[in-house]
Amino acid sequence: MEFKGNYVALITPFRNGEVDYKALEALVEHQIQGGVSGLVPCGTTGESPTLTHEEHDKVIEEVLRFASGRVPVIAGTGSNSTSEAIRLTRHAEEAGASAALVVSPYYNKPSQEGLLAHFEAIANATSLPIILYQIPGRCSIEISLETITKLAEHPGIQAIKEATGNLGNVSEIRRRTDLQILSGDDNLTLPIISLGGSGVISVLSNLLPHQISSLVQAGLEGNMKEALILHESLFPLMRAMFLETNPQPIKTALAVQGFCAEEFRLPLIPMSQKNRKELLRILEETLPNLTNS
């Protein structure tokens with residue numbers, strides 16, 4: 001499968017403690033109308049650690065129903081339990097997902113041999129294309145370049161979401177493997193594309209799908225002058241999305257714009273007043289120019 005373009009890392013909207021499927025449907029429509037290449041439910045941005053197994057399955061099912069085949073759905077199916085990740089991935093396959101995004105197993109801190117066995121077991125259990133999700137800041141473990149090289153030999157493992165912040169890794173992965181590389185950080189999307197990456201799994205696209213999609217398209221087409229202008233106009237908001245832990249800023253921004261309630265699940269809580277005020281200031285300064293461009 002070709003992974004090229006802007007894939008949105010969807011939030012999971014909540015209202016009164018429950019998943020707000022009406023808001024989720026409107027958000028999916030907003031993304032599709034904004035020109036995204038695909039939808040990624042139940043990842044980090046979707047607060048997947050606090051979804052029950054039943055909610056996790058239903059969110060994927062509902063996103064597939066809302067999308068209705070118009071764009072691919074890449075289901076977040078990672079877990080620190082290999083058997084649980086296999087169950088989630090098999091469910092996503094049965095539901096009709098196009099691929100699975102599988103994060104490194106967090107908390108257990110396995111060896112590199114354990115990581116290799118984990119990802120291979122998942123890939124062997126499904127016919128879905130697997131995107132490795134490398135984010136050591138969340139998982140306290142990094143998949144080594146040697147392990148990535150070995151995993152790339154598996155025909156089912158076809159791409160990697162690179163969120164180490166180390167651009168040298170992008171060049172090394174390109175040099176050593178045929179994996180497609182998707183940026184895991186909005187603010188590094190353009191640099192990663194310039195190094196041969198194929199797109200982004202974007203947080204900010206929840207709010208600005210058209211603008212992120214335009215940035216990625218310009219970069220992939222080699223129109224670096226236009227891409228740089230878009231990158232620089234979006235950069236303050238890209239950085240603002242990490243004023244606090246993701247998805248707190250993006251969900252707050254969406255709530256302010258009327259897309260969802262400003263509601264999280266513990267242990268995530270609303271933003272501090274100081275950071276929320278700073279986020280609103282950046283939104284007020286940048287959104288009019290971005291939405292009118």
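No value in this document is a laboratory result; all are computed from the given coordinates. Note that this is a predicted model, so its numbers are computed, not measured. Positions of Cβ are backbone-derived with ideal geometry, glycine not excepted, and every protein chain shown enters the neighbour counts.
Pairs of Lys residues in the chain, spaced 8 or more positions apart or belonging to different chains, with C-alpha separations under 22 angstrom: 11 in total.
For the range 134-196, the Kirkwood radius over C-alpha pairs fed into Stokes-Einstein at 20 °C and 1.002 mPa s yields D = 182 µm² per second. Projecting label points 7 angstrom from Cα along Cα→Cβ for Lys225 and Tyr106 puts them 4.3 nm apart. In a fully extended conformation the segment linking Glu284 and Glu153 would gain 42.4 nm over its present Cα-Cα distance, using 0.36 nm per residue. Each peptide in 179-188, 279-288, 130-139, 203-212 receives the mean, over its residues, of other Cβ atoms within 10 Å, and ordering these scores from highest gives 203-212, 179-188, 130-139, 279-288. Each label point was placed 7 Å from the Cα along the Cα-to-Cβ direction; for Arg175 and His53 their separation is 4.4 nm. For the Cα trace of the chain, dividing Rg by the Kirkwood Rh returns an Rg/Rh value of 0.94. Of Thr50, Leu208, Val63, which is farthest on the positive side of the dipole of the chain, counting Cα position, with +1 on Lys and Arg Cβ, -1 on Asp and Glu Cβ, and the Cα centre as origin? With unit charges placed on the Cβ atoms, the residue in question is Leu208. Fully extending the segment from Asn166 to Gln33, taken as 0.36 nm per residue of separation minus the present Cα-Cα distance, adds 44.6 nm. Beta bridges from DSSP with both residues in the chain: antiparallel share about 5 percent, rounded to the nearest 5.
At most 11 other Cβ atoms within 10 Å and a DSSP loop assignment: could you name the GluC sites (Glu not before Pro) in the range 208-265 that fit?
Those that pass, being in a loop and sparsely packed, are Glu221.
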